[in-house]
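Below: the structure, in C-alpha cells.
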Amino acid sequence: MNKKPKVLVISRDSWNDTNNSGNTLSNMFQNWDADSIANLYCRDEIPSNPICKNYFKISESLLVKKLLRKIDTAGYSFKIEELENQKNHTSEIKNEESEKKFYNFFRKYRWHFFLWLRELLWSIVNWKSKKLDNFLSEFNPDVIFTTSYDSFYTHKLVYYAKKKTNAKLVVFHCDDLVTFRQHSFSPLYWINRIILRLYMNKTIRLSDLNYCIIEEQARVYHEIYNSEFKLLYKTGSFKKEPIISETHQPIKIVYTGNVIYGRINTLIQFADILKKINKTETKAELYIYTANEINEQDKNKLLSSNSVHLMGKVAYDQIPLILSDSDVLLHVESFDKHLMKATALSFSTKIVDYLEAGKTILAIGWEKSASIKYIEDNNIGFTANKTQEIENVLNEIISSPGKLNQIGNEAWKFAQKKHNKEIVLRNFEEEINLLNRK
C-alpha cells in the first residue's frame, strides 16, 4: 500500500474526539498513520484522538505570557506521550479548565469587543518563532488541511505555514463565512463580516482544493468564486442494519450536542409543548445530553415540564449506545433571525450519527437551514419549520409508534449510500494523493 502524504492539520480547537470538530477530523483521517499527520492548534486544550501524536500549540494564554515577558515564545511542540508526565498533565488540565470558563462566557455573549480584543492580541504579540519554524520544517508536510474559521488569526496562521512549507492547501468549509445574507443591525458586525470576507477570499484563492459539507453551500460558493467546491460528507459505518427494537412507553426522545447558538431556546419551546401534550398522560419524554453549561434560569424552564431529563456530558464512545436506545432523535436550530441566517449553509454532523443509529429523526428549525432542508428534501425524517408546527408533528409521531422503526430504517438505507465510510474516505484519500502528485 502506498504511503499517504504527510498532512499538517491546522485547527482552532485541539483535536479531541469529545467535540464535534475533533470527531470530524478523526472521521476524515482515520486511515492515516501517526507519523504522517501533525496538528497545529490554538487552544489551551488537551488533544485526545487515536490518530495524531505530534502537536504544536499556540494559545491566548501563551500570547499573554509572552506579552508580559514571562516566556520567550508563545508556542511549543509536544508529542502526546509527553503529557503522561504528571506534572505537565496537571498543568495542561488547569489551563484547559481556565480556558473553558473563558470561552463559555465568550460563546454566551460573543461581543465584538472580545472578538477584536483577541485579534489585537494575536496582532501585537509575535507568535512566529524559531520553535514553530523548526516544527514545520521537521514535519515537512506535503499537504496543509484546515477548516475555514471566522477568526482572522487562524487564516494568518495558515498563510504562514503554507509560505514556510510550500505545501498544498486543502480547505474544508463547514459554515457560511462568505455571503452577506445575514441579519444584523450592528455596524460592528458588518465591519467584522467584510474583513472576514477579505480573508476568506485570500484563503480560497491560495487553496489547491476546497471542500464543502453540503450541496447548497457548494452551489452558493461556486456562484461567488466561479471555482470548484467538492463535497466531503461526514461518514459512518453502515455495514450492519439497525436492530428493530420495541418502542418505549412513553416514547423516548433523545437530543445530543450543543445547546449554544440559540438552540437552547428551541429546546425550551419543545419542552413547553411536551408539557402540554403530557398534561393528562405522559406520552413522550426528552433526554438532553450536552457538554455545554446550562444556566439555572434555562434549566428551570426545561425541567418545569417534568418530561425533560438533563443528562449532562457523556463520553463520545457512549453516544452510539444512547442513540440506539431511543425512539426519536431530536435536532434543533434557532428561530432567532440573526442565527437563522448565520446557520443557513451550516450542516450539523450530528445528523450523520443519527442516521447511522437508524432511528426516526425529528428536526426543528427554519426551512432554509441546510440541516433541516437536507432532512426534508431527502424525506429522511419529520421536520417542523415553525414553532406552531411542533405540536402537530409531535402528536403525529406519538400516534404512530409502530412506524418509527420503519422510518428510521429507510433513513439508514439512504445514508448507507451517501455517507458510507468506505466510499467517502476512498474518494477523499484519492483526491489528496492526486493533489500531492501534481
Would you confirm, using the coordinates I've provided, whether Ala384 is farther than 26 Å from Ser21 by Cβ and small (Gly, Ala, Ser)? yes
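Results for (1) touching a residue at least 12 places away in the same chain (Cβ under 8 Å); (2) of a type outside the set (Gly, Ala, Ser), shown as yes or no for each residue.
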{"residue": "Ala342", "(1), (2)": "yes, no"}
{"residue": "Glu389", "(1), (2)": "no, yes"}
{"residue": "Asn395", "(1), (2)": "yes, yes"}
{"residue": "Asn405", "(1), (2)": "yes, yes"}
Do the conditions hold for Ile80, that is, is it surrounded by fewer than 19 Cβ atoms within 10 Å (Cβ to Cβ) and more than 19 Å from Phe139 (Cβ to Cβ)? no
Does Leu62 count as hydrophobic (A, V, I, L, M, F, W, C), in the same structural domain as Tyr159 (by the TED database), part of a strand (DSSP E or B) and over 27 Å from Tyr289 (Cα atoms)? no
Scanning region 220-230 residue by residue, those in a loop (DSSP other than H, G, I, E, B) and among the hydrophobic types (A, V, I, L, M, F, W, C) turn out to be Phe229
For region 199-248 the number of residues that are in contact (Cβ under 8 Å) with a residue 60 or more places away in the chain and either in contact with a Ser or Thr (Cβ under 6 Å, 6 or more places away or on another chain) or open to solvent by 40 Å² or more (accessible area, probe 1.4 Å) (or both) is 10
In region 335-378, how many are open to solvent by 10 Å² or more (accessible area, probe 1.4 Å), among the hydroxyl-bearing types (Ser, Thr, Tyr) and touching a Ser or Thr at 6+ places or on another chain (Cβ under 8 Å)? 4
Any residue at all in region 275-282 that's closer than 19 Å to Gln388 by Cα and open to solvent by less than 60 Å² (accessible area, probe 1.4 Å)? yes
Within region 148-158, is there a residue that is out of contact with any Phe, Trp or Tyr (no Cβ under 7 Å at 6 or more places or on another chain), basic (Lys, Arg) and part of a loop (DSSP other than H, G, I, E, B)? no
For region 243-274, which residues satisfy the criterion of being under 19 Å from Lys359 (Cβ atoms) and either in a loop (DSSP other than H, G, I, E, B) or of a type in the set (Lys, Arg) (or both)? Ile243, Ile244, Ser245, Glu246, Thr247, His248, Gln249, Pro250, Lys252, Gly257
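Does Lys53 count as modelled with pLDDT under 70, among the basic types (Lys, Arg) and open to solvent by 40 Å² or more (accessible area, probe 1.4 Å)?
no
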Residue by residue through region 165-182, note down the ones that are open to solvent by 60 Å² or more (accessible area, probe 1.4 Å) and either farther than 25 Å from Met28 by Cβ or in contact with a strand residue (DSSP E or B) (Cβ under 8 Å, 6 or more places away or on another chain) (or both). Phe180, Arg181
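Looking at Ile71, is it of a type in the set (A, V, I, L, M), under 22 Å from Glu138 (Cα atoms) and modelled with pLDDT of 85 or more?
Here the answer is no, as Ile71 does not meet what is asked.
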If you go through region 291-312 one residue at a time, how many are without any contact (Cβ under 8 Å) to a residue 40 or more places away in the chain and open to solvent by 40 Å² or more (accessible area, probe 1.4 Å)? 12
In the set Ala284, Ala271, which member is without any contact (Cβ under 8 Å) to a residue 40 or more places away in the chain and assigned by the TED database to the domain that holds Leu339? Ala271
Among the residues of region 143-164, which ones are crowded, with 20+ Cβ neighbours inside 10 Å and within 21 Å of Leu435 (Cβ to Cβ)? Val143, Ile144, Phe145, Thr146, Thr147, Ser148, His155, Leu157, Val158, Ala161, Lys162
What number of residues within region 231-242 satisfy the criterion of being over 12 Å from Val424 (Cα atoms) and outside any loop (DSSP other than H, G, I, E, B)? 0
Which residue pairs have Cβ atoms closer than 7 Å, lie 6 or more positions apart in sequence or on different chains, and pair a first residue in region 113-125 that is assigned by the TED database to the domain that holds Lys70 and basic (Lys, Arg) with a second residue that is open to solvent by less than 30 Å² (accessible area, probe 1.4 Å) and in a helix (DSSP H, G or I)? Arg118/Glu60
Just for strands (runs of 3 or more DSSP E) wholly inside region 1-57: which have at least 2 residues that are under 15 Å from Ile80 (Cβ atoms), of a type in the set (A, V, I, L, M) and not assigned by the TED database to the domain that holds Lys350? 37-41
Scan region 159-190 for residues that are part of a helix (DSSP H, G or I) and free of Cβ contacts under 8 Å to residues at least 40 places away in the same chain and jot them down. Tyr160, Lys163, Lys164, Pro187, Trp190
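The values are calculated or read from the model by the stated rules, or taken from the named source; none is laboratory data. Nothing here was measured: the structure is a model prediction, and the numbers come from that model. Because the Cβ atoms are built from the backbone with ideal geometry, glycine has one as well, and the counts that use them run over all protein chains shown. Remember, those area values only see protein heavy atoms, side chains included, never the ligands or the DNA or RNA. Shrake-Rupley method; radii C 1.70, N 1.55, O 1.52, S 1.80 Å.
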